[in-house]
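Comments concern the structure below.
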Amino acid sequence: MRSPIITLTTDFGLKEPYVAEMKAVILSISPNVNIIDVTHGIDKFNTRMGAFLLASAAPYFPKGTIHVAVVDPGVGTERHPLIIQTKQNLFVGPDNGVLTLAAENQGIEHIYEIRERKTMLREISNTFHGRDVFAPAAAHLANGKPPTEFGPEIHEVSTLKTVKPIKRKGVLVGEVIHIDDFGNVITNLGQKELEQMSTRDRIKIRLAGTKLDLKLCKAYDEVKTQEPLATIGSHKFVEIAINQGNAANTLKIKVGDEATLYRS
């Protein structure tokens, strides 16, 4: 029988002992669990970044995986601690939108507020629910405790404001939703938007006030070193990159910038 899997996504970094403390709590309750780090490099308090990266990774985990995400600027306030049950996995974390993108992609079936005191640590810090509430909840789920025993079912959760591409005067206007560590600029424009604008071999796009006419590539090395390109990335969105360079720095692009797609 396969051991349960718990994943961790946080903005804690690795300099402090916070991640280790969460793992210690999990293993003390469920010693046979496999703990997988998705990332602890989320920008501090950036729930949108956390939501995007969790949603990117979650589809590739086996059915029954328990995903814990803690990007929690509202820790200690009245925001609810949640378990979201989907057709594929369970998601554990704060009710601030960090879970909902990944959960919605899998089809939400039930949502429970974590209230049962026995599923938490004996002492609960006002500033570290990742260790005291979410880690033990995930461990108890891994041990087979059903989500219904953690608290009441609820029917509304927080969602993050996302901008879907819109058509405006013959162009499609989207936005930059993520910049990865390579400086690749990931937009919310996908294959459907490219087809709407009759895009084939080249992409015409305006980013941060700069209009670009780029080759649509399947591999970065299809253009010369330090030359910009466009590609459909692993998350199935249009990415603007520079072969062996940093597109975000070179083009001075940041998350939230408009990405305007023109007809080719």
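No lab work stands behind these numbers, since they all come straight from the coordinates. Computed from a predicted structure; not experimentally measured. Cβ coordinates were reconstructed from backbone atoms using ideal geometry, including for glycine residues, and neighbour counts include every protein chain displayed.
Here are the numbers for this structure:
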{"item": "Principal axis box of the chain, alpha-carbon based, largest edge first, Å", "result": "59, 38, 37"}
{"item": "Qualifying trypsin sites (Lys or Arg not before Pro) for the range 147-200 [loop in DSSP, other Cβ within 10 Å: at most 11]", "result": "LYS161, LYS169, ARG200"}
{"item": "Given the chain, longest segment not containing exposed loop GluC sites (Glu not before Pro) (DSSP; at most 10 other Cβ within 10 Å)", "result": "157-264"}
{"item": "Relative contact order [Cα under 8 Å, 6+ residues apart], the range 5-154, whole percent", "result": "26 percent"}
{"item": "Trypsin sites (Lys or Arg not before Pro) restricted to the range 16-50 and DSSP loop, no more than 15 other C-beta within 10 Å", "result": "LYS44"}
{"item": "Magnitude of the charge dipole, the range 165-264, Cβ model with Lys/Arg +1 and Asp/Glu -1, debye to 20", "result": "500 debye"}
{"item": "Residue order, fewest to most beta carbons within 10 Å, for ILE36, ILE179, ILE29", "result": "ILE36, ILE29, ILE179"}
{"item": "Taking VAL238, VAL33 and counting other C-beta atoms within 10 Å, the order from fewest to most", "result": "VAL33, VAL238"}
{"item": "Loop-resident sites, the range 5-47, for chymotrypsin sites (Phe, Trp or Tyr not before Pro), counting at most 13 other Cβ within 10 Å (DSSP)", "result": "PHE45"}
{"item": "Kirkwood Rh and Cα Rg combined as Rg over Rh, evaluated for the range 5-154", "result": "0.91"}
{"item": "For the range 166-262, convex hull of alpha carbons as volume per residue, Å³", "result": "85 Å³"}
{"item": "ARG79 versus ASP37: modelled label distance in nm, points set 7 Å from Cα along the beta carbon direction", "result": "2.3 nm"}
{"item": "Quarter of Cα convex hull surface for the range 21-110, i.e. mean projection, nm²", "result": "6.0 nm²"}
